[in-house]
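Presented below is the structure to which this report refers.
The values are calculated or read from the model by the stated rules, or taken from the named source; none is laboratory data. Small disclaimer: the values here were computed from a predicted structure and weren't measured. Here Cβ is always computed from backbone atoms with ideal geometry, including for glycine, and neighbour counts include all displayed protein chains. To get the accessible areas, we keep the full protein, side chains included, count just its heavy atoms, and leave off ligands, DNA and RNA. Shrake-Rupley method; radii C 1.70, N 1.55, O 1.52, S 1.80 Å.
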Amino acid sequence: MNIIDFLAIVPFYVDLTISLATDPRSLWTATATTDDVVASRILRMFRLIRVLRVLKLSRYSVTVQLLLQAIAQSLGVLSMLLFMITIIMVVCATFMFFLEAGEWDEGLQYYVRIDGKRSPFQSIPASFWWCIVTLSTVGYGDEV
């Protein structure tokens, strides 16, 4: 058995052993203490090691090596693209919030449009969803 395969399945058995040692009925009960939940989450993070097995395959594939080499060579341009998209998204989301939010209703405690419906743009971070979907041309920008 490969070491990575072994490390991938060990957390399950360690978690099972710990839960059975502390409470033999823990397999059939849904109650857990905070310490058990934290320990379980830590052990589940170790299970993510299985994902790293896929990275081993890249050294055998010329295509994957070529793709990684191309990404490494254009990392500066890609980071500039990501930076520009982020700036555009912040500006557009801010504009949409100020243009489409409507009027604040003290009784309802949210923004209301002229037709009386709740505005989908309740804050600038909430407007990011519209902006991400519209900039990525998915087409769910029909909230306006």
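Looking at this structure, is V14 modelled with pLDDT of 70 or more, over 30 Å from S127 (Cα atoms) and open to solvent by less than 90 Å² (accessible area, probe 1.4 Å)? The answer is yes for V14. Being outside any loop (DSSP other than H, G, I, E, B) and surrounded by 12 or more Cβ atoms within 10 Å (Cβ to Cβ) is the filter here, so list the residues in the stretch 105-129 that pass it. Of everything in the stretch 105-129, those that are outside any loop (DSSP other than H, G, I, E, B) and surrounded by 12 or more Cβ atoms within 10 Å (Cβ to Cβ) turn out to be D105, Y110, Y111, V112, R118, I124, A126, S127, F128, W129. For the stretch 62-89, the candidate set comprises residues that are surrounded by 11 or more Cβ atoms within 10 Å (Cβ to Cβ) and at pLDDT below 90; within that set, the residue that is farthest from S136 (Cα to Cα) is Q65.
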